[in-house]
Structure formats: structure tokens, C-alpha cells
Amino acid sequence: MRSALITGITGQDGAYLAKLLLKKNYHVFGIYRRTSTPSFWRLQYLGVQNKITLIPGDLMDTGSVINAIIRSNPDEVYHLAAQSFVEASFDQPSATGDITGISVTRILDALKLLKKNVRFYQASSSEMYGDGASQAQNEETPFHPASPYAAAKVYGYWLTRIYRESFGMFACNGLLFNHESPLRGLEFVTRKVTNTVAMIKLGLTKSIHLGNLKAKRDWGYAPEYVESMWMMLQNDTPDDFVVATGSQHSVQELVEIAFSSVGLNWEDHVIIDKKLFRPLDVPALKGDYTKANKILGWKPKTSFSDLVKIMVEEDVRRWRASLNGKMFPWDVPSSLNIENQNEFYVGSRVYGSSTKHSR
Ligand code: NAP
Ligand code: G4F
């Protein structure tokens with residue numbers, strides 16, 4: 001039986017990847033960090049929490065990285081953990097640099113010493129392209145990072161290549177474009193919209209505050225994207241791959257589809273809030289996944305409108321179940337400020353608020 005170690009197993013991708021690898025008969029290990037309130041809801045939601053081995057540890061702690069490698073003795077390592085929210089990286093640039101950037105070196109260096117023949121996946125990001133390219137971005141497109149998060153990811157990308165090229169390690173970068181699902185965090189625009197649309201539909205709130213509606217992204221469906229991670233590590237040679245849908249949509253299109261899927265007009269509910277505009281935003285991203293398709297045989301299956309509908313339907317289902325008194329693993333109860341339905345707490349900060357948010 002092969003062993004896989006997943007960092008960031010409690011996040012969206014980590015949970016879906018754990019489920020995929022269990023299906024493929026792996027012994028799945030995952031690093032989780034100690035928090036005052038445990039966040040295992042995604043693993044519980046997918047019914048995998050009791051089938052994996054969870055190892056406590058923090059990416060900023062070299063000892064816990066080493067401990068996880070020794071305990072799991074992995075054939076494959078999927079490095080997904082990160083401070084992954086771009087907006088928060090403007091407020092916590094040094095921590096983001098450490099967690100999202102330097103931790104890649106921590107893991108690669110520990111693997112070089114302990115398990116050099118491992119296969120390593122680095123969660124690189126389309127955010128690294130910034131606004132440098134006018135055409136669809138591929139593996140050759142230069143990076144132009146526009147946030148502390150993106151800069152940290154560029155660092156991680158290069159460290160992965162450097163360990164591959166200088167030490168001969170099987171280390172791959174997945175340059176994944178935005179991918180979403182009902183397990184997406186509430187701070188990201190897709191889930192913020194679908195969760196609030198569900199609440200508006202059920203009469204729990206009236207409006208949503210949003211920032212830049214003109215921004216365009218290439219949004220895909222997360223369960224399909226984690227499959228590409230596994231495919232990269234099964235390839236004969238280590239390489240870097242763009243994973244995307246090749247289609248681009250604006251935040252406004254997202255909003256229109258989400259509201260219309262429950263019979264509402266978005267213009268009656270959306271409030272544009274200047275405070276939610278980023279100091280620097282990436283205006284548009286669109287990926288060219290030709291290489292992943294040719295070499296790995298990967299391609300996207302779910303359309304953008306289907307993705308939005310899947311997410312809205314699931315948020316409506318959850319809210320209905322909750323209103324009917326059902327208890328189940330879900331992120332909203334621990335994130336929502338009931339006094340103001342537009343506010344979401346992430347750590348000690350409020351995102352999505354028009355009143356308390358300040359920069
Ligand atoms: P996510 O839901 O935000 O999950 C992040 C994970 O990292 C969580 O499990 C989190 O643990 C963990 N983590 C954060 N800081 C940590 C620390 N100091 N020590 C240990 N674990 C820590 O992110 P995601 O959407 O699944 O994305 C997975 C990876 O892909 C990330 O690296 C992200 O940057 C990258 N990526 C994502 C996308 C996308 O569209 N989703 C696109 C391109 C690249 P807690 O549960 O304790 O917070
Ligand atoms: O959903 P977002 O926060 O995702 P963003 O910044 O594109 O980052 C995500 O995708 C990256 C891949 O390209 C990952 F690397 C990263 O980890 C993360 O998963 O914002 C999308 C767009 C932005 O242009 C933002 O300005 O939506 C715009 N937006 C408009 N109003 C908003 C809002 N974003 C958020 N989060 N909240 C708003 O109210």
C-alpha cells in the first residue's frame with residue numbers, strides 16, 4: 001500500500017484529495033495544526049476523517065515537518081497548506097511569506113535529507129501571473145505577482161524547480177487556476193456569494209457587500225482539480241503543469257448566475273463597497289491547459305454555470321437543514337456574525353464588512 005502525506009488536509013483541496021487517494025487505496029496521512037477550535041468539518045462532510053491518519057504540526061515549525069515525514073514515510077507528498085487568501089496577505093505579508101513561501105523549503109529540505117526519492121507536489125497558483133499577460137497563461141508565461149501571497153507562491157515555485165534541477169528530486173508544480181466547490185472557504189468570492197444568495201433566498205438576510213465586480217477569473221470545480229495533482233505525480237518525469245478551464249468569467253457574471261438560479265435579481269441585493277477593493281488586484285486570469293491535457297490526459301468537465309449552481313444548491317440545502325434543527329459539519333455556524341449577516345470572521349479579522357473593516 002502506498003503512503004501519501006498531505007499538508008493542508010483540513011482545507012478544500014486537502015479534503016477532496018484525501019478522499020481521492022483513499023479511493024485509490026493509499027494510506028493517507030495529513031498534517032493539521034492545533035487551533036483553539038478544530039476545523040475538521042470538510043473531512044467529516046466527505047466521510048473521510050476516520051479513515052486517515054492525522055498528525056499534529058505547523059508548517060512554520062521545522063520539527064513538526066520532520067516528525068510528519070518520519071511518521072508517514074511517504075511515497076508522495078502533496079504540499080497544499082498555505083495562507084491562501086490573497087486579501088489577507090496584504091495585512092499579514094510576513095506570515096504569508098513564511099507559511100506560503102518558506103515552508104516549501106522546509107519541506108523540500110527535510111525530504112532531501114530523509115526521503116529523497118519521494119514524489120513531491122507543490123500547490124502553485126495562477127495568481128503568480130498577476131496582470132502581466134494579455135493572452136491565456138501557460139507554463140511559459142512570465143510571472144508578475146501582484147500580492148504578498150503571489151510573491152510567496154513564486155518563491156515556492158522556484159524552490160520546487162531548484163530542488164528538482166539541482167538535487168534530482170521528483171518535484172512538480174501544479175499551476176492551478178481558481179477552483180471552487182461547496183467546501184470552499186467563506187472568505188473567497190464564490191462561496192461568499194453562494195452562501196449569501198442562499199440566505200437571501202430563505203429570508204435570512206437582504207444584501208451582500210462586494211468589491212471589484214469587473215475582475216475576471218478562470219473558475220473550475222475543485223474535485224476535478226485534485227485529480228490533476230495525483231496525475232502529475234504518476235507521470236514518468238517531474239514537470240510543471242497549468243490546470244484550468246480555458247474560460248474566463250467576471251465576478252458580475254458569477255453574481256448574476258447565482259442570483260438567477262434561485263429566481264432573484266442581483267441588482268436588488270448587491271452593494272458595491274469600496275473597502276472591499278484590494279490595494280492591487282489581478283484584473284483577469286485565463287489558463288491554457290494544453291500541456292496537462294496532452295501529457296496527463298486531464299481536462300475540465302464542469303461548466304462555470306453548473307459549478308455556481310452546485311454551490312448555490314448546496315448552500316440552500318445546508319441552510320434549510322439548519323433551520324429545520326439539523327446538526328451537521330458546516331463552516332457557517334463558526335464564522336457568521338448573526339448581528340450582521342455580511343460579516344465573516346477569519347481569525348480575528350472581519351472580511352466582507354462595510355462597517356468594521358479598515359486598512
Ligand atoms: P485552503 O482551503 O485555504 O486550505 C489551506 C490549508 O492550509 C488548511 O488546511 C490550513 O489549515 C492549512 N494551513 C494554513 N496555515 C498552516 C500552517 N501554518 N501550518 C499547517 N497548516 C496550515 O486552501 P485550498 O483552496 O484548499 O488550496 C490548497 C492550496 O492550493 C493552497 O496552497 C493554495 O494557496 C493553493 N491554490 C489554491 C487555489 C484555489 O483556487 N483553491 C488555486 C491555486 C492554488 P487550517 O484548516 O487549520 O486553517
Ligand atoms: O475569490 P477570491 O478571493 O480569489 P483570488 O484572489 O482569485 O485567489 C484565489 O485563487 C487563486 C488562484 O488564482 C489562489 F491562488 C488563491 O489561493 C485563492 O484560492 O477573489 C477573486 C476576485 C478578486 O479579483 C477579488 O477582488 O473576486 C474579487 N472580489 C470582489 N468582491 C472579491 C470580493 N473577492 C472576495 N474574496 N470578496 C469580495 O467581496
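The values are calculated or read from the model by the stated rules, or taken from the named source; none is laboratory data. All of these numbers come straight from a predicted model, not from anything done at the bench. Glycine also receives a Cβ, built like all others from the backbone with ideal geometry; neighbour counts cover every protein chain displayed. Remember, those area values only see protein heavy atoms, side chains included, never the ligands or the DNA or RNA. Shrake-Rupley method; radii C 1.70, N 1.55, O 1.52, S 1.80 Å.
Here's the picture: charge each Lys and Arg Cβ at +1 and each Asp and Glu Cβ at -1 in the chain, and of TYR163, VAL226, GLY47 the one pushed furthest to the positive end of that dipole is GLY47. For the chain, the Cα gyration tensor yields ellipsoid semi-axes of 32, 23, 20 Å (square root of five times each eigenvalue, largest first, whole Å). Where does the Debye-calculated log10 I(q)/I(0) of the range 83-157 sit at q = 0.23 Å⁻¹, using only Cα point scatterers of equal weight, no solvent? Debye output, listed in q order: -0.98.
About its Cα centre, the range 48-142 has a charge dipole of approximately 660 debye under the convention of +1 per Lys or Arg Cβ and -1 per Asp or Glu Cβ, with nothing else charged. Projection of the Cα convex hull of the range 1-108, averaged over all directions and equal to a quarter of that hull's surface, yields 6.7 nm². For the range 60-102, the residues whose backbone nitrogen is under 15 Å from a point 7 Å from the Cα of SER335, taken along Cα to Cβ, are 83-88. The translational diffusion coefficient of the range 145-292, from Stokes-Einstein at 4 °C and 1.567 mPa s with a Kirkwood hydrodynamic radius over alpha carbon pairs, comes to 75 µm²/s. Placing a label point 7 Å from the Cα of GLN252 along the Cα-to-Cβ line, the residues of the range 174-217 whose backbone N sits under 15 Å from it are 210-217. Taken along the Cα-to-beta-carbon direction at a fixed 7 Å, the label points for THR37 and ASN117 span 4.6 nm.
Considering the range 141-187, its Cα convex hull presents a mean projected area of 4.7 nm².
In the structure displayed, which of LYS23/LYS301; LYS19/LYS301; LYS216/LYS299; LYS153/LYS291; LYS115/LYS294 lie more than 25 Å apart, Cα to Cα? Going by Cα-Cα distance, LYS115/LYS294 fall outside the 25 Å limit. In the chain, taking the dipole from charged Cβ atoms about the Cα centre, the farthest positive-side position among SER305, VAL242, VAL316 is held by VAL316. Simple spin-label estimate for ASP236 and ILE102 gives 4.1 nm between the two label positions (7 Å along the Cα-to-Cβ direction from each Cα). Computed from Cα positions, the angle between helix 222-234 and the longest principal axis of the chain comes to roughly 10 degrees. Pairwise Cα separations in the range 243-296 fall into 10 Å bins from 0 onward with the following percentages, short to long: 18, 33, 31, 15, 3.
Rounded to the nearest 500, what is the chain's calculated 222 nm mean residue ellipticity when only DSSP H runs of at least 4 contribute -39500 (n - 2.57) each, over all residues? Intermediate results must be reported in sequence, preceding the final value.
Numbers: 12 runs with 130 residues, N = 359.
The helix-only estimate for the chain comes to -11000 deg cm²/dmol at 222 nm.
Solvent-accessible area per residue in the chain equals 42 Å², computed with a 1.4 angstrom probe and all protein chains kept. Rounded to 0.05, the FRET efficiency of the ALA284 and LEU264 pair, given R0 = 30 Å and the Cβ-Cβ distance, is 0.65. Extension gain for the segment LYS214 to MET1, taken as residue separation times 0.36 nm less the Cα-Cα distance, is 71.9 nm to one decimal. The alpha-carbon of LYS116 sits under 15 angstrom from the alpha-carbons of these aspartates and glutamates, leaving out residues fewer than 8 places away in its chain: ASP75, GLU76, GLU165.
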